[in-house]
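One structure below.
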Amino acid sequence: MNEARSLELGVGLNSNLSLLCSTLVFDEHFGVTGYGCTGSETEDGYQLEPWSGFGFKANIVPLGVKLETDNAKMMGVSISKDKRNIGIQLAAPAPEITTE
């Protein structure tokens, strides 16, 4: 079965959801800008807070760092500019729903 297809015509929404990522970039006009997140630069590093639905992948472009979780959702990420200290606040994964 092709995971990229659903009951929709063409490529379905299922594969597109896996592309959602919180991305923190430096823009020469606007400074530190977050896409799918709220982000900021501190004197020592960067902080990122993913928006709802964007907590499983994070990309901090100025440092070249990519983070990804399998189950738990990232609620906040802080990382030093030298990449020696990183803090990730995780939310408990949603319980699996099983049907009998």
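Suppose we filter the stretch 44-62 for residues that are over 15 Å from Leu19 (Cα atoms), crowded, with 17+ Cβ neighbours inside 10 Å and of a type outside the set (Val, Ile, Thr); how many remain?
5
Of the residues that sit in the stretch 63-82 and are among the β-branched types (Val, Ile, Thr) and buried (at least 17 other Cβ atoms within 10 Å of the Cβ), which one is nearest to Pro93 (Cα to Cα)?
Val77
Take Ile60 and decide whether it is among the aliphatic types (A, V, I, L, M), under 12 Å from Leu24 (Cα atoms) and within 14 Å of the chain's Cα centre (by Cα).
For Ile60, the condition - among the aliphatic types (A, V, I, L, M), under 12 Å from Leu24 (Cα atoms) and within 14 Å of the chain's Cα centre (by Cα) - is met.
Bear in mind that the values in this text are calculations on the coordinates, not laboratory data. If you're wondering where the values come from, they're calculated on a predicted model, not measured in any experiment. Backbone-built Cβ (ideal geometry, glycine too); neighbour counts: all protein chains shown.
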